[in-house]
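The values are calculated or read from the model by the stated rules, or taken from the named source; none is laboratory data. Keep in mind that this is a model prediction, so the values were computed, not measured. Here Cβ is always computed from backbone atoms with ideal geometry, including for glycine, and neighbour counts include all displayed protein chains.
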Amino acid sequence: MDVLDLFLVATSTIGFICVCKALIKFLKWVWVMFLRPPKDLKEYGSWAMITGSTDGIGKAMTLELASKGLNLILVGRNPLKLEATSKEIRDHGHNVEVKFVVLDMQKVGGVEMVKRIEEAIEGLDIGLVVNGAGLAYPYARFFHEVDLELMDAIVRVNVEGATWITKAVIPTMIKKKKGAIVNIGSGSTIVLPSYPLVALYAASKAYLAMFSRCISLEYKHQGIDIQCQVPLFVSTKMTRMKTSLFVPSPETYSKACTRCIGYEKLVVPYFLHSVQGFLIKAIPETFLDSYMLRYFLYWRGRGLSKDAKIKASTASNSEAN
């Protein structure tokens, strides 16, 4: 066999291995997204706790978990919204118990938060916790333009909130030797190479991804499944986007979320988001960085213009009064 024949055999073998690897990866994706049976969430326990349960993904997850017969602890800062969500659960005909924890993560310290949550779950068979509370910028802006109050609020809600809630529930799950914790992350952490002008929000969600990966390994042997679920754009008040092919409603997205609970440490639950992520990763980072910067500069300009109009209107009304 001459050198040319060896070269052809080697390249053919490498090509075959690459094709097999891609095929296996594709088949695994099909299995995870469409064929793999979801876990019976009641096996973790009869109660689930959801933060951010009055809006967006958190609220949709609340209704989805209620439909599966789980009793619920709703955590939020607005008692009226909590009551409205509870009423909606009843209106849907879900025969489950619902408890409230009125908790403003922007104002309550970590130690106090742990005490409040421990009191709320005492004596309950708490099996599932969804850390869905999140806070973002009203509109894109440079890091130095973010006011101190907003910075503090984002860190408290996105980083400290999920951390302290997890700290409060882990001991109970260790005693039971079972449980599941889901942290709602962001596509800005694993799909995009950068998220300029929304830096603090993206960094706080990146913390959740790494936090989830690490403690998943720490507690897997205790029977506790810890996971970070990564949405791209979903049609919520935070994104202010209409439902479309790649922008599902919270209700559609929540169904995909519940199918994935208890499996991977880090997962993109909605299948079209995973397709979108695959396509995005095929684009060179330089082009993505440039596009994202221009995209958010545009929305920063829109936000500044809207702010200016509001301030002008307020000043005009003050002068008139």
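Test residue 191 against the stated conditions and say whether it is more than 19 Å from residue 297 (Cβ to Cβ), touching a Cys at 6+ places or on another chain (Cβ under 8 Å) and outside any helix (DSSP H, G or I). The answer is no for residue 191.
It is to be established whether one or more residues within segment 163-186 are crowded, with 21+ Cβ neighbours inside 10 Å, part of a loop (DSSP other than H, G, I, E, B) and either of a type in the set (S, T, N, Q) or within 14 Å of the chain's Cα centre (by Cα) (or both). The answer is yes; a qualifying residue exists. Looking at segment 278-296, can you tell me whether even one residue there is modelled with pLDDT of 95 or more, of a type in the set (Gly, Ala, Ser) and more than 28 Å from residue 37 (Cβ to Cβ)? Yes. Within segment 80-106, the only residue that satisfies the criterion of being under 23 Å from the mean Cα position of the chain (by Cα) and either free of Cβ contacts under 8 Å to residues at least 24 places away in the same chain or loosely packed, with under 12 Cβ neighbours inside 10 Å (or both) is 86. Of the residues 186, 235, 194, the single one that is polar (S, T, N, Q), in contact with a helix residue (DSSP H, G or I) (Cβ under 6 Å, 6 or more places away or on another chain) and without any contact (Cβ under 8 Å) to a residue 60 or more places away in the chain is 186. With respect to being acidic (Asp, Glu) and more than 22 Å from residue 229 (Cβ to Cβ), residue 160 falls outside the description. Taken as a whole, the condition of being small (Gly, Ala, Ser), out of contact with any helix residue (DSSP H, G or I) (no Cβ under 6 Å at 6 or more places or on another chain), within 21 Å of residue 198 (Cβ to Cβ) and surrounded by 11 or more Cβ atoms within 10 Å (Cβ to Cβ) applies to residue 290. Residues considered: 112, 64, 160, 118. Of these, the only one that is assigned to a helix (DSSP H, G or I), touching a Lys or Arg at 6+ places or on another chain (Cβ under 9 Å) and not aliphatic (A, V, I, L, M) is 64.
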